[in-house]
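The values are calculated or read from the model by the stated rules, or taken from the named source; none is laboratory data. Bear in mind the structure is a predicted one, so any value in this text is a computation, not a measurement. For neighbour counting, all protein chains shown are included, and Cβ atoms are generated from backbone atoms with ideal geometry for every residue, glycine included.
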Amino acid sequence: MGLEDLPHNFLTGRVEDLVKWARRSSVWPVTFGLACCAIEMMAAGAADYDLSRFGMEVFRNSPRQADLMIVAGRVSQKMAPVLRQVYDQMMEPKWVISMGVCASSGGMFNNYAIVQGVDQIIPVDVYAPGCPPSPETLMHAILTLHEKIKTGEITQRRAEGRPLEIETTPSSPWTPEQPVAVRLGTPR
Amino acid sequence: MTDLAIRALDGVPTTTGPMVDQIAFPERTAYKALVESLKGSGFEMCSDLCGIDYLDHMTRSLPDGVTPERFEVVVNLLSLSAKRRVRIRVQVPETAPVVDSLFEVYPGTEAMEREAFDLFGIQFTGHPDLSRILMPEEWEGHPLRKDYGSGRIPVQFKEAPGPR
Amino acid sequence: MSAYQNEDEVRSVERPAWSTKETSEGSQELRRRTDTPSDELGRESGAVLQMPDGRVLDPSQIDVDRPDDETMIINMGPQHPSTHGVLRLMLELDGEVVLRTKPVIGYLHTGMEKTAEELTYVQGSTNVTRMDYLSQMHNEAVFSLATEALLGVDIPDRATWIRTLMLELNRMGSHLMWMATNGMDLGSTSMMIYGFREREMVMSFFEKTTGLRFNNNYIRPGGVAADLPDGWEDDVLVICDTVLERSYEYDDLLTGQPIFRERTEAVGGLTAEEALALSVTGPLLRSTGVPWDLRRTMPYLAYDKLDFDVIVGTYGDNFDRYSIRLNEIRESAKMLRQLVEGMPSGDYRVQDAKVTPPPRARIDSSMEALIHHFKIFTEGFKVPEGEVYCAIESPRGELGCYLASDGGAKPYRMHIRGPSFVNLQVLPLLLRGGLLSDAVAVISSVDPVMGEVDR
């Protein structure tokens, strides 16, 4: 019984805010560092760019205990089933940050060996560009994710039954007047 | 040491090049024996073993008596005592891409030969475990061959809407 | 006696219904001892170097007092906190003791050697630098040195010295990163924080000079991309002094500590004959007592003008490798001071207009400069036909680049000899007979970087 099963009215509004605050204040990432971006992720967790102030310094090694998967690095064809298996083992609610251009779109490696964007395999919430993204960019991505958790947009989508998986045939073509993604302001 | 090394390469066509003392071009049948005699002459370590596909460059310059084939196996040996390098290039035909394995001479070539097999399809007889090493097991084809495309997906920028 | 008839039945019983078989890699994995031919068995148990010349190994003679159904094959990785990237290790265990090991690699295979055939020599540095992502400048340097050997150009002194400066800073950063991850693997989280804290100083110097913290496309064929900024001497000297002083703090934290000593001494011992047979180079080879360092024995760039010591170990165990790398940090600090004092003035790249692009300001005034700039960045400069194997000493060992050119603007074949790829062959030998926790320590001590293993 999660947040989605609660009736959504003014009485349960406070409870929802409390749960959302708890969820975004201690997001625990799973160690999925693959290549160079992993080094920047470790640097973000280290002393100079501290992730511990967001409650995220504990990188859980087991996906069963983690909420967030930061796919840091290039995903090769051999690694793709492993990635899907680790993602499947995570418990709901879970989020994915695609860190770096190789994870977001294949990056500079447009060839036979690299999956062109990790969103071909798992649904992604936030994309962080850069090659590698500096720890500040990663922190911006994490704070964007916190905003997303705060607005509750993710859980609302699931409650309404709108799929979070990528549709193979899009229901409506993307037009500039109807954006699909939620544009968030810069978190303060 | 210098004389021994030169003696080991007697009868084999050789050239020179930048950053190497000699480049030898033995026949496929004499290849392993040459490497063994070089190891006995003081080349303790095999630095590198790789394959090359010369499909697009069959007109490369080779010494007399060496017939160019599609594949080449290039072995770089290093002598720590004499601080020199020697290179061996074996021609491997496309129809029968088989060559002797150097595992018994230098066990360190095991992973390098597996990589050459995986990426080019060159088979090494006498290798303990010739399986793919970099590509997934059910992959078909040998990626670094010149007739294997790079797998690039087309990326078009013409239809994308401009910034809002 | 095993109750299962064939491998499919074993797998169908061991894996639950929801688990996919997609992650299995078939013949690349470790199979039961009865299913493995004798040659491969010898290799996996590390007996390959002790095999007699008869070379027929009886599989039933390996581990006779440990029957096949008492051992367990477990899988470590590719997603695992202590495999230093995406290395997958399959281990056959008897209780806690490791018998056979098989590393399965390729989970980071990027097809960089294929990509290199489609990029020009100017763009080649961006590709090569992402292979060994902890010592990026070394990759760029070996590619540039190989290209320049084929081109036949002479690099000005200042460019050579700037390259040496960057390489030594990179070596220091890489070894600090190794100390951080090694300390973390052995249980010391504070070492992780200290290592990264020092590394940040090197990173900010790189950002000041090259624009990026790492994966900087700085060392290119023809020289370096930009000159050093003003005040660089002070920055480098501050880095040297701070790191040197803090390296003595690491002695307090780790070197004298009894738990660290017991976990690293006499663990993962390697002899010189084994190391040479397996083509191992770098700190692994030096820990066995062989004083082979390419910076001293086959000097390149400005290393023949610098005064430094080659650190050599005695027993070939983890502790020797740790002390080699710690002392190499101190030697790098010593070399950096000499580089600061001796840096010559001059050009930071060769003035051959066919190879290096002209300065941007000149493009406005000279038509020739504009044409050269255009040609270099669209088509690239042509390299004469030939082949070369160039090797330098990266923090992990001998990093080599075999470059074959057919006279065009793109390499015909570029093969990088990654030291970690070859050094990983030492794992079946070192892990045999040790405990599982020693396996973690030994992998960390071998220091693989999967980017250059898989390329």
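For this structure, a couple of remarks:
- Selection over segment C:289-301 of residues that are away from chain B (no Cβ under 12 Å) and either under 21 Å from B:Val105 (Cβ atoms) or under 19 Å from the mean Cα position of the chain (by Cα) (or both) gives a count of 1.
- Restricted to segment A:101-113, and to residues there that are within 11 Å of chain B (Cβ to nearest Cβ) and touching a Ser or Thr at 6+ places or on another chain (Cβ under 6 Å), the residue that is surrounded by the most Cβ atoms within 10 Å (Cβ to Cβ) is A:Ala113.
- Qualifying residues in segment B:51-75 (those that are among the acidic types (Asp, Glu) and not in a loop (DSSP other than H, G, I, E, B)) - the one surrounded by the fewest Cβ atoms within 10 Å (Cβ to Cβ): B:Asp53
- Of all residues in segment A:45-68, those that are within 10 Å of chain C (Cβ to nearest Cβ), at pLDDT 85 or above and not in a loop (DSSP other than H, G, I, E, B) total 2.
- Residue in segment C:423-432 that is more than 12 Å from chain B (Cβ to nearest Cβ), of a type in the set (A, V, I, L, M), in a helix (DSSP H, G or I) and over 24 Å from C:Glu117 (Cα atoms) present: yes
- Boolean, C:Gly282 is in contact with a Lys or Arg (Cβ under 8 Å, 6 or more places away or on another chain) and either among the hydrophobic types (A, V, I, L, M, F, W, C) or within 30 Å of B:Ser79 (Cβ to Cβ) (or both): yes
- Test: residue in segment C:123-139 that is out of contact with any Asp or Glu (no Cβ under 7 Å at 6 or more places or on another chain), acidic (Asp, Glu) and either surrounded by fewer than 24 Cβ atoms within 10 Å (Cβ to Cβ) or in the same structural domain as C:Met172 (by TED's automatic domain parsing) (or both): no
- In segment C:91-117, of all residues being within 10 Å of chain A (Cβ to nearest Cβ), of a type in the set (A, V, I, L, M, F, W, C) and touching a strand residue (DSSP E or B) at 6+ places or on another chain (Cβ under 7 Å), the one that is nearest to C:Gly451 (Cα to Cα) corresponds to C:Leu108.
- Taking the conditions (1) touching a Lys or Arg at 6+ places or on another chain (Cβ under 9 Å); (2) closer than 30 Å to C:Pro156 by Cα in turn, C:Ile324 satisfies each one other than (2).
- From C:Pro395, C:Pro428, residue being within 20 Å of C:Ile105 (Cβ to Cβ) and in contact with a strand residue (DSSP E or B) (Cβ under 7 Å, 6 or more places away or on another chain): C:Pro428
- Some residue of segment C:179-187 being modelled with pLDDT of 90 or more, assigned by TED's automatic domain parsing to the domain that holds C:Trp232 and either within 26 Å of C:Gly408 (Cα to Cα) or over 18 Å from the mean Cα position of the chain (by Cα) (or both): no
- Taken over segment B:82-101, the residue count meeting the criterion of being farther than 15 Å from B:Glu72 by Cβ and either among the charged types (D, E, K, R) or in contact with an Asp or Glu (Cβ under 7 Å, 6 or more places away or on another chain) (or both) is 5.
- Filter result for C:Ile416 (modelled with pLDDT of 85 or more, out of contact with any strand residue (DSSP E or B) (no Cβ under 6 Å at 6 or more places or on another chain) and either part of a helix (DSSP H, G or I) or within 24 Å of B:Met112 (Cβ to Cβ) (or both)): no
- Flag if B:Tyr106 is without any contact (Cβ under 8 Å) to a residue 40 or more places away in the chain and of a type in the set (Ser, Thr, Tyr): no
- Filtering segment B:37-55 to residues that are within 13 Å of another protein chain (Cβ to nearest Cβ) and more than 17 Å from the chain's Cα centre (by Cα) leaves B:Lys39, B:Gly42, B:Phe43, B:Glu44.
- Just one of the numbered conditions (1) under 15 Å from the mean Cα position of the chain (by Cα); (2) more than 25 Å from C:Asn215 (Cα to Cα); (3) within 14 Å of chain B (Cβ to nearest Cβ) is not true of A:Met90: (3).
- Test: residue in segment A:10-26 that is modelled with pLDDT of 90 or more, assigned to a helix (DSSP H, G or I) and among the β-branched types (Val, Ile, Thr): no
- Selection of segment C:211-241 for residues being within 14 Å of chain A (Cβ to nearest Cβ) and either farther than 30 Å from C:Gly183 by Cβ or not in a loop (DSSP other than H, G, I, E, B) (or both) yields C:Gly211, C:Asn217.
- Scanning segment C:118-153 for residues being of a type in the set (Phe, Trp, Tyr) and more than 9 Å from every other protein chain (Cβ to nearest Cβ) gives a total of 2.
- Only a single criterion out of (1) more than 25 Å from A:Cys36 (Cβ to Cβ); (2) within 14 Å of chain A (Cβ to nearest Cβ) is not satisfied by C:Thr264, namely (2).
- Members of segment C:269-288 that are facing chain B (nearest Cβ under 9 Å) and part of a loop (DSSP other than H, G, I, E, B): C:Leu278, C:Ser279, C:Val280, C:Thr281
- Residue within segment C:248-268 that is part of a loop (DSSP other than H, G, I, E, B), within 30 Å of B:Lys83 (Cα to Cα) and touching a residue at least 60 places away in the same chain (Cβ under 8 Å) present: yes
Listed here are the residues, each with its yes/no results for (1) within 11 Å of another protein chain (Cβ to nearest Cβ); (2) of a type in the set (A, V, I, L, M, F, W, C).
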| site | (1), (2) |
| --- | --- |
| C:Arg325 | no, no |
| C:Ser332 | no, no |
| C:Gln338 | no, no |
| C:Thr356 | no, no |
| C:Phe381 | no, yes |
| C:Glu393 | no, no |
| C:Tyr402 | yes, no |
